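Below is one structure, written out as structure tokens, with a few remarks after it.
What follows draws every value from the coordinates through simple rules; no lab data is involved. Predicted, not measured: the structure shown is a model, and the values here were computed from it. Here the Cβ positions follow ideal geometry from the backbone for every residue, glycine too, while neighbour counts run over all protein chains shown.
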Ligand code: GDP
């Protein structure tokens, strides 16, 4: 008997890995996508756990074409009452820490426990650098083959805010499609972590011992956001170093004030490559959910996050509308020249520009 050929898993623009793996050929998918989408049918298919419909709806959310906004909004709204049932986990760490290896091991573990797992990535570097840190390579090939997994590469966008808002809406659709665990992956650079922290229930930071990655660590910042820190690559010769690092991080964390969640952040070691420590990290997530459900923090945090995204979306849209307006663009150029010539102050120029009708 011949072994079936492994599907070639690449990231074709707007089409998920799982979609490629699970369904027809790319030309067939593209032809299907050209048909006029219908909100009602798409929502019905999403609720029916149809991955192709889910992918298609996410593409509408990610679209920068104004014509798709209303349709995308209708779909998200209709899915809303079916959402909210998952655990949302943010996973971050520097490039090379082992995020994709970890998510693959973690995701496969969850699937073995009969969970359905969606992985969404936030990677605004892709548009800024014309090459994505997360998206360009073949990632999580094993997980992508699982019928209970859905992997979606980062949407494109010029701003982190824009990219993050799209991901926030995609979470709702994934939940409506019955995914129990939603993993939001991001590269640990810049503001990404804060954006992800604002859309997940549990925030996991992956770290490495004995590299530049541990120099920053005792400082506050991302560490403070974490509900758990896992020192990855705790295998072979790195094992001892990882344990020492774990102990020093645990000590540092114990000095931080108690969190509103009532949860004390945990530090652990793991080897994503050897599948070690993976189960205990999932147990931590479950413990966290039990603690925060009991004290109602889980629910309150999601409410607060929704309020945050309301304000954040308004700010992003206002800013985008303002700076893309032709009249404003011309006047802004003039004001910049006046500033160069020392003929106005930044505040006076800002007041003037903000007073313009557009
Ligand atoms: P990412 O950039 O954070 O997604 O990192 P990758 O998952 O692509 O991993 C980067 C490299 O580290 C790859 O060569 C992995 O095989 C390796 N790696 C990941 N996890 C482990 C681990 O637990 N132990 C060891 N020894 N290597 C690992």
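Between residue 338 and residue 307, take the C-beta separation as r, use R0 = 25 Å, and let me know the FRET efficiency to the nearest 0.05.
On the way: r = 39 Å, r/R0 = 1.56.
Working from the Cβ atoms, E equals 0.05.
With 10 angstrom as the radius, rank 293, 59 by how many other C-beta atoms surround their C-beta, starting from the fewest.
On the way: 293 12, 59 20.
Listed from fewest to most nearby Cβ atoms, that is 293, 59.
What's the ranking of 83-89, 52-58 by average number of surrounding C-beta atoms within 10 Å, highest first? Please report the intermediate quantities before stating the final value.
Numbers: 83-89: 18.7, 52-58: 24.4.
Answer by packing, highest mean first, reads 52-58, 83-89.
Which order do the peptides 103-110, 91-98 take when ranked by the mean count of other beta-carbon atoms within 10 Å per residue, highest first?
On the way: 103-110: 22.9, 91-98: 20.1.
Descending mean neighbour count gives 103-110, 91-98.
Which of the peptides 249-258, 143-152, 221-230, 273-282 is most tightly packed, and how do the rest follow, judged by the mean count of other Cβ atoms within 10 Å per residue?
Working: 249-258: 12.4, 143-152: 22.5, 221-230: 20.4, 273-282: 16.8.
Descending packing order for the listed peptides: 143-152, 221-230, 273-282, 249-258.
Among rounded, prolate and oblate, which fits the stretch 264-328 when a ≥ b ≥ c are the square roots of the eigenvalues of its C-alpha gyration tensor, a/c under 1.5 means rounded, and a/b larger than b/c means prolate?
Working: a/c = 5.62, a/b = 2.01, b/c = 2.80.
Oblate shape, in that a/c is at least 1.5 and b/c is the bigger or equal ratio.
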